[in-house]
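The values are calculated or read from the model by the stated rules, or taken from the named source; none is laboratory data. Because the structure is predicted, anything quoted here is derived from the model rather than measured. Cβ coordinates were reconstructed from backbone atoms using ideal geometry, including for glycine residues, and neighbour counts include every protein chain displayed. When the accessible area is computed, the model is the full protein with side chains, heavy atoms only, and any ligands, DNA or RNA have been set aside. Shrake-Rupley method; radii C 1.70, N 1.55, O 1.52, S 1.80 Å.
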Amino acid sequence: MSLSDQAQSLSQPALKDPAWLGRVGVALFMVVLLWPALVLTEFRPWQLWDARSWAVTANFLASTWPPRLDAPFLWELARETWRTVAMATAGITLGWLLAVPLTLVSTRVLSVSALSGRMAGGAWLLRQGVRGLLVVLRSVPELVWALVFVRVVGLGPTAGVLAIALTYGGMLGKVYGEILESGDTQPAESLLRNGSSRLQALLYALLPQNAAELVSYTVYRWECAVRSSVVLGFVGAGGLGQQLDSAMKMFAGGDVLTILLVFVALVALADRASAWLRETLA
Amino acid sequence: MSRLSVFMVAVLGLIVASFASLDLQWSQFLSLSAMQAMGRFVAEFFPPDTQPAFLMKVGLATLETLAMSALGTLLAVVLGLTLAWPAARRHAGDWAPLRTPVRWLLNFLRSVPELVWASLMLISAGMGPFAGTLALGFHTAGVLGRLFAETMENAPAGPAEALRTQGVRPSLVFLYATVPQVLPQCLSYTLYRWENNIRAAAVMGVVGAGGLGQMLAFHMGLFHMGKTATILAAMVALVGLVDLLSNLARRALTR
Amino acid sequence: MNLLLEEVAARHPAASSQLPPALGPVSLRVAAGEQLAIIGPSGAGKTTLLQVLACCLPPVAGHFQVSEVAPWRLSRRALHRLRASLFLAPQTPPLPPRQRVVTTVLAGRLPGMTWWASVRQWIKPAALPEAHGALARFGVADKLFHRVDRLSGGERQRVGLARALVSPARLWLVDEPLSALDPTRARQVLDALQLAARERGCTLVASLHQVDLALSCFPRIVGLRDGRVMFDAPATNVTPDMLAALYAQHEHELHPGTAAPADEPATPASPAVVAMTCR
Amino acid sequence: MNLLLEEVAARHPAASSQLPPALGPVSLRVAAGEQLAIIGPSGAGKTTLLQVLACCLPPVAGHFQVSEVAPWRLSRRALHRLRASLFLAPQTPPLPPRQRVVTTVLAGRLPGMTWWASVRQWIKPAALPEAHGALARFGVADKLFHRVDRLSGGERQRVGLARALVSPARLWLVDEPLSALDPTRARQVLDALQLAARERGCTLVASLHQVDLALSCFPRIVGLRDGRVMFDAPATNVTPDMLAALYAQHEHELHPGTAAPADEPATPASPAVVAMTCR
Amino acid sequence: QQVLRVTAIPDEAPTELARKAAPLVKYLETKLGVKVEYTPVTDYAASVEALVNKKVDMAWFGGFTFVQASVRSGGKVIPLVQREEDEKFRSVFITADPAIQSLADLKGKDVSFGSQSSTSGHLMPRSFLLQAKVDPDKDFHRVAYSGAHDATIAAVVSGKVQAGALNISVWDKFVADKKVDTTKVRAFYTTPAYFDYNWTVHADMPQALRDKITQAFLALSRDTAEGKEILELQRATRFVPTKADNYKGIEAAARSAGLL
Ligand SMILES: Nc1ncnc2c1ncn2[C@@H]1O[C@H](COP(=O)(O)OP(=O)(O)OP(=O)(O)O)[C@@H](O)[C@H]1O
Ligand SMILES: Nc1ncnc2c1ncn2[C@@H]1O[C@H](COP(=O)(O)OP(=O)(O)OP(=O)(O)O)[C@@H](O)[C@H]1O
Ligand SMILES: [Mg+2]
Ligand SMILES: [Mg+2]
C-alpha cells in the first residue's frame, strides 16, 4: 500500500480507532475475572446494613469512649512508643542499606546494555536474579523471618529488627526501582549514552527528578514499620502493635482508642515530615 | 539547604539513638554456629509437602487469598482515587480547600492497621473473607490515596497547565493530562499494594477468613515445616506473579 | 477578541526578587481578528508576554484587558469561562507521553464539551474526522493513531498546533510554532494557521524566531527586548537597522570574547530579503 | 573520530513492523575533524541517523563503524568506553527539572571522572570556571546558578549545548541546536560550536532546519528525505532545485487541500540567498 | 553475673502474663541468687524455638508445646514442676447461643479455638471433638484461632463466633471475677482431665541449678504472704514435680489429631 493510498483510506469518513476492540476486550476480561473473586470472598455488602450488626458495631464504637488515660497506662504507652519507633527506625535503616545496592543493580533505566534496546544476556540474568531475590525477601512474612532469627539471636528486638529489615529491604528495592523507571528517563539515558556510569546517571539525572518521591516513599515505609510492630511482639520485642492487638482481642475499647490516637499522631508526624521534605526537595 | 542539613542531622540522630537504645545482639549473629542454626532451620523446610490432598488445600487457599487481596485492592483503588483527587494540590494556584480534611481522613484510614480494621469489620460484616476484604480495602485506600495524591502533585505540570489555560474543567484536565502521565506510577503502586495485601491477608486468619495466611499460621505454629514450605512457595509464587504482571503492565505502558 | 495592555509588568513566581521583572512595563493593543508576530532575542520575554495574554501569569503592575474585561478582576468561574476562548500553544508542546495523537488533539475541544461527552471521548475518541482534518492541514494526518512520544520533533510540534484548530478559542497565542520545522513545512504550517484564524475570525499572536517569515506573513510586528517593546510597527516599516538593534548582543553575553563576534555588531539573518510573499 | 556507514538501516524498537524503517539504507563517510550539516524535511530521519551515529540505536542492517571499529561488535565495556568519546545533544535538551544549571553543565564531564570525584562534584560543584566558560561561549553565563526549569526556551537549549563543551567527547552530534534561538544567537552559537570543535579537533555533525545557516557555515551538506540520502555535496554545489526537491511535500501531506498549497510545488525558504558568509 | 532467661507461652494477654510473672521472678532471684530475666512473647512457636535453641533457660509450656519442644530438640528438654491442677486439667466449651447444648450441636457453627499450639485451647478440645465424631475441619462452618484464652471469651461474648473452647482455669477466673456475664455466656461442655502446663528447662542446664529451681517451686506455699501471692497469681494450690512421661497421652492425642 503506497503512502497516498494509506492517506486515502484514512481520510474516508469511516475512520476507525484501531485500539478500540482491544480495550473493550481487556475490560470484558477484567469483568469476567472479577466474578469468581466476588464469589470467593462472599461479597455481600448488604450484610452491612443489617440492623443487628449495626447495633454490635455501634456498641463497640461506644465502648471506645472515653479513651483510657490513666498515668501508668500512658507511661507504659510512652515507653512502648519509643521502642516501636526505635525498632522501626533501625529496621528501615538496615532495609535501606540492603535495598539501595539491589536497586542499583536491578533498575532498567540504569542499565548500560539496555540502551541499545535489549539488555545483554548476563546483565539480564543478574537483573532477573536480583528481582527474584527481592520477591522472596518481601513475600516471606515477617513472622517467618523472625522465627529464623530467634534461633540465633534469641528473644528480643534483634530478631524483629532483622525481620523488618529483610522484608522492607525487598519492598524498598522494588519500589525504588519502579519510581526511578516511571519518571522521565531521557536525562538519564542521555548521560549514559554519553558514556557516564550508572551511579553518575543516578546522581545527575534520576535523583533530581525523583528525590521527592523516593523520600516520601521511604517515610511512608517507616510509618508502615511502626504499624507492623505487631510482629515484633511475636518474638518478645514488645511494641505498640502488640499492645493494640491484645487490646483489640480483649475488646478493650478505651485502650484501643488511646493506642490508635498514638498511631494517628505518629502517622501525621510522618506525613508532615514527608510533605516538608517534598517541598524542600522540589 | 541548611534546613535540610538540620533535618538530616536529626534523622541521623534518630537512627543512632534507635540503635543505641535497642541493645541489638550482633555478636551472636555473626558467629559460625549462628549461621549453622539458621541453615538447619531453613533445611527443615525441605522437602516441601507435595501430597495431592494438601496441594489441593493450598490451591484453594491460594485462590481465596488471591480473590480477597485483589478485591480488597480494587475497592481501595476506587476509594483511594476518589479521595486522592481532593487531597492533591494539582497546580501552584490550586486552592484545594478539601486538602487538609481529606488528608486527615486518609491518615486515619491508614493509621488503623489492617488487623484492627479486620476486627472492626468482623463485628459488622460477620466472620469470613468478606470482612477481611473490607479491612484490606479500607486500610489500603488510605495508603493508595496518599501515594496517588503525591504522584499527582509530582507529575510535570506542562500538559495539565496547557489544558487549564484553555479553561478545561479540573476533572477533565485530570483525565486528559494527568492520567496518562501518572498511570504507570499509580499502576505500579496499586499492583505493589496488591502484593502487600497478599501478605497482609496472612493476618486475616484471626477473622476466620481462611486463605494462605491462616494456613501458614496454623502449620508454622505446629512446626509442620514441609507444609509451611509449600505454603511459603505458594506465597512467593503469588507475589512473583503479581511482580511479573506489574512488570509487563509497566512495560506496555512506558515502552 | 481584542487585547489591551497598559504598562503591564509581569514576573515569574519563582524568579528572584532582585532581578527586574521578566516583562517590563509593556503597552499593547490588539484588535479582534488581528494577526501579530512577536520577535526578539532569546530571553526577551516573549513567552512571558504570551503567558500574560493567556491569563496564566497575573501581571504585577499595569492594566490588562481581554475583550473589554479585566480577567484578574473576574470571579474564578468567570475567569474559567473566559479561558475557554483563549488558546495558548506553549513553546515545547506539552503533550502527555503515552497518549495517542487523536486523544491529544481532541483534548483541544474540551472547553466546549459537556462533562459526559468528554469522558466518553476519553474512552472512545469521537469526532475522528475533525481530528483528522486538523492534522491534515499540517500534513501529519497519517499519525492519527500513533503515540505522541513516538513522533519526530517536527511532528510533535504540528500535533500540538492541531489542537488549536479543533478548539473553540477566539484568541490563539502560539509560542514559536515553527521552531522544529523545516522551511517548507514552516511556511505551510504558518499559512494553514493564518488561514484558519482568518476563516474563524480568530485573533492570532505568534512569537517567532524566523524573522523573514514574520516579516513576509504578518502585517504587524512587535519587537521585544529585555521585556520592553522596542518597536511595534507594520511589517513593511521594519528596517534592518531596527532588527540589528533588536537582536544586538548584550555586553555580558559577549564578555569572554571567545567565539562571539565582539567586533561585529550582530548581523541578523538577512531579514530584508522578502523573496516570498504570503498568500 | 571518523564515521563509516554502509547501507545502514535503522528502526525504532517501538515502531510498527509494517512501516518501512525510519532510516532507509544510508551510506555515509565522515572524516575525523569534519563538520557536516544534515538537512531534510520533518520526519526525514535526521534524529534517527544521529541516534545511530551515537550508538544509541543499533542498525538493523548494514555496516557501521566509528573510528575503525564496529561498535556493536564490541564488548559492553568497550562500547561504553567508546560512548565516552561521543556526545549527542538531543533535539529537546534532556535536562532534569529542579537541577541547577551548573550541575547540569558539569554532568557533561562525568564520563572522564572517577566515582569519587563525581560524588563530590554532585555535592559541591567544582570546576566552576569551566562551566562558566562553556556557558559564556553561548552567552548564558549569567544563568550559572539558576534552576534549569526556570530558563527560557533558548536559554535551556544553550545550556544543553554547553555540556558538549565540557565533555571529553571527540565526536559531537547535535540535533537541531538552533531551533529555539533567534537569528543572532543562532549564528553566535553555531560559530562557537564550530570554533570549539576545530580547536579540539572534534568531528561535528549537526542536523539543522536553517538552510541558509547550514549552507553558509558548513562545508558539507547531507540532504536526507524519507530515511535516504538525497544528496551529499559541498555546500557550494547545493542548488535551489536540489533543495526544492528535498523539501517538496508528499502528496499525502497535501491531500485534504485546505490551506496547504496543493498547486504550488513547495517553495523552500530562499536558501539561495547566502548573504552572510561564515567566519 | 549469671542470668536465668525465662519466657512463657502467650496463652493470655502479654500484659497479664507480665503481671503474673513479676513476683515469681523476684522470688526466684532471691532463691537462686541469679538474675532472672523474663521476656513475654506473643507467638507460641517463638517460645518453643527459643528454648529448643537454648536462647532461654526456662519456659512455661502447655502440654502440647512441651511435646513440640521435646520432639524438636530430640528429647533435650526436661519438665521440672507443674501445678497440682495441671495433673487433671480440663477445657470448657462456651457459647452464648441457647440452641447449643452439646458438642454435636456445634456442626455448621463458627467456633473459635485459642492458639493452634495451645493444649487446652485447641489440641485437647479438638481431640475430644474427634472422639465425639465431630471433625472441626469438616463440620464447622468456620474455625477461628483467637490466639489466647481470654480472647476466645471475648470473641464469644461479642458474638463474633457462636462457640469457643478454652482453658478451664481462665474461665473460672473470669466467672469468679465477674468479668463475664454468665446469664448470657455459659459453659456447656467440660472435657475429661488431662496433663497440662509445666515449667520446662533445657537439658544442658546443670543438675544443681535444676534442683535448685525445683526446690524453689516446691517450697512455695500459701502459708507465707509471698507464696500466697505467687500461687494465687499462678492459679495454683501448690507446685508438684513432674516428668516427661506424664505427657505421653498428650503426644498421642496430638498425633491422632494430626497436629504433630
Ligand atoms: N519559570 C520561570 N521562573 C523564573 N524565571 C523565568 C521563568 N521562565 C523564564 N524566566 C526568565 O524570564 C526571562 C524571560 O523569559 P521568556 O521565557 O519569556 O523568554 P523568551 O523571550 O520566550 O525567550 P526564548 O526565545 O529563549 O524562548 C528570562 O530571563 C528567563 O530566564
Ligand atoms: N521512538 C520512536 N518510535 C517509533 N517511531 C519513531 C520514533 N521516533 C521517530 N519515529 C518515526 O521515525 C521517523 C523519523 O523520525 P526522526 O525523529 O528521525 O525525524 P527527524 O528527521 O528528526 O524529524 P524532525 O525534523 O521533525 O525532528 C518519523 O516518521 C517518526 O514518526
Ligand atoms: Mg520562549
Ligand atoms: Mg528530529
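Report, as a whole number in µm² per second, the diffusion coefficient that Stokes-Einstein gives for chain C at 10 °C and 1.306 mPa s using the Kirkwood radius over alpha carbon pairs.
Calculated translational D: 80 µm²/s.
Sort E:Thr191, D:Thr114 by heavy-atom solvent-accessible area, probe 1.4 angstrom, most to least.
So the residues, ranked largest to smallest area, are D:Thr114, E:Thr191.
Compute the relative contact order of chain A as a whole-number percentage, counting only Cα pairs closer than 8 Å that sit 6 or more residues apart in sequence.
Values: 295 pairs, mean separation 68.6, N = 282.
With pairs under 8 Å counted, the relative contact order is 24 percent.
Pop the C-beta distance of C:Asn237 and D:His12 into the FRET formula with R0 = 51 Å and round what comes out to the nearest 0.05.
0.60
Once all Cα-Cα distances of chain E are split into 5 Å bins that start at 0, what whole-number percent is in each one?
Per 5 Å bin, starting at 0, the Cα pair percentages come out as 1, 6, 13, 18, 19, 16, 12, 8, 4, 2, 1, 0.
Can you give the three extents of the C-alpha atoms in the range B:52-254 along their principal axes, from longest to shortest, in whole Å?
Principal extents (Cα only, largest first): 64, 38, 20 Å.
Please find the FRET efficiency linking E:Ala18 to E:Lys243, where r is the Cβ-Cβ separation and R0 is fixed at 25 Å, and quote it to the nearest 0.05.
Details: r = 29 Å, r/R0 = 1.16.
Once the sixth-power term is evaluated, E becomes 0.30.
Rounded to the nearest 500 deg cm²/dmol, what is the calculated helix-only ellipticity per residue at 222 nm for chain C, with -39500 (n - 2.57) per DSSP H run of length n ≥ 4? Intermediate values should be presented prior to the final figure.
Details: 10 runs with 92 residues, N = 279.
Calculated mean residue ellipticity at 222 nm is -9500 deg cm²/dmol.
For chain D, modelled as a GNM with alpha-carbon contacts under 10 angstrom, which of D:Asp232, D:Asp182, D:Asp191 fluctuates the most?
Per the Cα network of chain D with a 10 Å cutoff, D:Asp182 tops the list.
In the full protein assembly as shown, how much of D:His12 is accessible to a 1.4 Å probe, in Å² to the nearest 10?
Number for this one is 70 Å².
Computed FRET efficiency, Cβ-Cβ of B:Phe46 and D:Arg73, R0 60 Å: what is it to the nearest 0.05?
Working from the Cβ atoms, E equals 0.85.
The range E:126-221: which trypsin sites (Lys or Arg not before Pro) are DSSP loop and have at most 11 other beta-carbon atoms within 10 angstrom?
E:Lys133, E:Lys178
Checking an interface number: how much accessible area is buried between C and B, summed over both chains, with a 1.4 Å probe, in Å² rounded to 100?
Buried area between the two chains comes out at roughly 2300 Å².
For chain C, with only Lys/Arg (+1) and Asp/Glu (-1) charged at the beta-carbon, what is the dipole magnitude about the Cα centre, in debye rounded to 20? Show your work: numbers first, answer last.
Values: 29 positive and 21 negative charges, 356 e Å.
So the magnitude is around 1700 debye.
Give me the 1.4 Å probe accessible area per residue for chain A, excluding ligands and nucleic acids, in Å². Before the final figure, lay out the partial values.
Numbers: 11060 Å² over 282 residues.
Per-residue value: 39 Å².
Please build a GNM for chain A, connecting alpha carbons under 10 Å apart, and tell me which residue among A:Ala146, A:Ala123, A:Ala27 fluctuates the most.
A:Ala27
Using a label point 7 Å beyond Cα on the Cα-Cβ vector, give me the inter-copy distances for C:Thr236 in nanometres, one decimal, shortest first.
4.0
Around D:Ala117, with a cut-off of 12 angstrom between Cβ atoms, what is the net charge of the other residues, counting Lys and Arg +1 and Asp and Glu -1?
Local charge sum for D:Ala117: +3.
For the residue pair E:Asp181 and A:Arg44, what label-to-label distance in nm results when each label sits 7 Å from Cα along the Cα-to-beta-carbon direction?
Taking the simple label geometry, E:Asp181 and A:Arg44 are separated by 2.6 nm.
Rank A:Pro208, A:Gly254, A:Gly238 by how far each Cα sits towards the positive end of the charge dipole of the range A:71-281 (+1 on Lys, Arg Cβ; -1 on Asp, Glu Cβ) and give me just the farthest.
The residue sitting farthest along the positive end of the dipole is A:Pro208.
Could you sort out which of E:Lys173/E:Lys248; E:Lys35/E:Lys55; E:Lys76/E:Lys248; E:Lys109/E:Lys133; E:Lys133/E:Lys173 sit more than 26 Å apart by Cα distance in this structure?
Flagged as over cut-off: E:Lys173/E:Lys248; E:Lys133/E:Lys173.
Please name which of B:Leu12, B:Leu115, B:Ser33 has its Cα lying farthest along the dipole of the range B:1-157 towards the positive end, using unit charges on Cβ (Lys, Arg +1; Asp, Glu -1) and the Cα centre as origin.
B:Leu12
Provide the gained length on full extension for the span A:Leu28 to A:Ala275, in nm with one decimal, where the gain is 0.36 nm per separating residue minus the Cα-Cα distance. Display every interim value, and only then the final one.
Details: separation 247, 0.36 × 247 = 88.92 nm, distance 3.93 nm.
Result for the pair: 85.0 nm of gain on full extension.
In terms of Cα to Cα distance under 17 Å, which aspartates and glutamates are near enough to D:Lys143, apart from those fewer than 8 places away along the same chain?
D:Lys143 reaches C:Asp226, C:Glu251, C:Glu253, D:Glu130, D:Glu155.
Taking the Cβ of A:Ile164 as the center, what net charge do the other residues with Cβ under 15 Å away carry, scoring Lys and Arg +1 and Asp and Glu -1?
Values: positive: A:Arg83, A:Arg138, A:Arg221, A:Arg227, B:Arg199; negative: A:Glu142, A:Glu223.
Net charge around A:Ile164: +3.
For the range A:71-281, what ratio Rg/Rh do Cα atoms give with a Kirkwood hydrodynamic radius?
That ratio equals 1.06.
Using a 7 Å offset from the Cα along the Cα-to-Cβ direction at both C:Arg200 and A:Trp75, what is the distance between the two label points in nm, to one decimal?
7.6 nm
Over chain D, with a Gaussian network built from C-alpha contacts below 10 Å, which listed residue (D:Gln51, D:Gln157, D:Gln121) shows the highest mean-square fluctuation?
Between D:Gln51, D:Gln157, D:Gln121, it is D:Gln121 that shows the largest mean-square fluctuation.
Counting Lys and Arg as +1 and Asp and Glu as -1, each charge on the Cβ, what is the dipole of chain A about the Cα centre in debye, to the nearest 20? Working shown, then result.
Working: 21 positive and 18 negative charges, 114 e Å.
In total the dipole reaches around 540 debye.
Are there any trypsin sites (Lys or Arg not before Pro) in the range E:16-113 that are in a DSSP loop and have at most 15 other Cβ atoms within 10 Å? List them by number.
Taking the range E:16-113 and a limit of 15 other Cβ atoms within 10 Å, the loop trypsin sites (Lys or Arg not before Pro) found are E:Lys76, E:Lys107.
If a paramagnetic tag sat 7 Å from the Cα of E:Ser256 along the Cα-Cβ line, which residues of the range E:190-211 would have the backbone N under 15 Å from that point?
E:192-195
What's the buried accessible area, both sides, between D and C using a 1.4 Å probe, rounded to 100 Å²?
Accessible area lost upon association: around 4300 Å².
Note down the magnitude of the dipole of the protein assembly as shown about its Cα centre, charges +1 on Lys and Arg C-beta and -1 on Asp and Glu C-beta and zero elsewhere, to the nearest 20 debye.
Values: 130 positive and 102 negative charges, 123 e Å.
The calculated dipole for the protein assembly as shown is roughly 600 debye.
Shielding by partners for E:140-151, please: the mean number of other protein chain Cβ atoms within 10 Å of each residue's Cβ. Intermediate values should be presented prior to the final figure.
Details: counts 1, 3, 8, 6, 9, 7, 3, 7, 3, 0, 3, 7.
Across E:140-151, the average partner-chain Cβ count within 10 Å equals 5.
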